Amino acid sequence: MARSLAKYPRYPLRAGRLPGAGAFSDFAAAAVSRAAGEPKSSSIARHFAKAARAATGAWASGRGARMEWERIASNWAHFKASAKLRWARITDAELEAIGGRRGQLAAQICEVYGISENAAQMQLESWQGVQVEP
C-alpha cells in the first residue's frame, strides 16, 4: 500500500522506488499515470507533463514542434521585432547586423547581458520555441 507525502498528499509514495530515487520520481510517475488517462492531480504533475512535452518538441499550446531556425533566419525582418522585445538591450542596428544568424545573436546576448554561452543558447531555445509563422 502506498503512503502519501505529507507536503503533497495527492502523490502516493511508490512501494517499489529504487534506492536514491526521491519524491521527484513519484511526481514523474504521477504525470505518466495522468498521461495514461488517469485524472490530473495537481499543478506539479501538470508542470512535469508540460516540461516533457517541451523536451520532445510537442509544445503545450498544441502548435507542434518548435520552429526551425532556417525559417527564422529567412524571415528575420519579422522576427527581429520579437527578438527586440525579448532582448531589449540589443540595439536595432545590432539586430540588423545579426541578420538572423543564430551564432551571432547568441554571441551578442552573451556580450550585452554578460551571461555564459550556454545560458544564451538556452534563452535562444526558449525564444525559438514560442515563435509562430507570420
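We did not get these values from a lab; they are worked out from the coordinates using the rules stated. Keep in mind that what you see is a predicted model, and the values were worked out from it rather than measured. Backbone-built Cβ (ideal geometry, glycine too); neighbour counts: all protein chains shown.
Please name all residue pairs, on different chains or six or more residues apart, with Cβ atoms under 6 Å, provided the first residue is in the stretch 113-124 and is on the phi < 0 side of the Ramachandran plot and the second residue is surrounded by 13 or more Cβ atoms within 10 Å (Cβ to Cβ).
If the second residue must be surrounded by 13 or more Cβ atoms within 10 Å (Cβ to Cβ), the pairs left are 117/110; 120/106; 120/109; 120/110; 121/106; 124/106.
Listed here are the residues, each with its yes/no results for (1) surrounded by 14 or more Cβ atoms within 10 Å (Cβ to Cβ); (2) under 23 Å from residue 51 (Cα atoms); (3) aromatic (Phe, Trp, Tyr).
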{"position": "96", "(1), (2), (3)": "no, no, no"}
{"position": "112", "(1), (2), (3)": "yes, no, no"}
{"position": "125", "(1), (2), (3)": "no, yes, no"}
{"position": "129", "(1), (2), (3)": "yes, yes, no"}
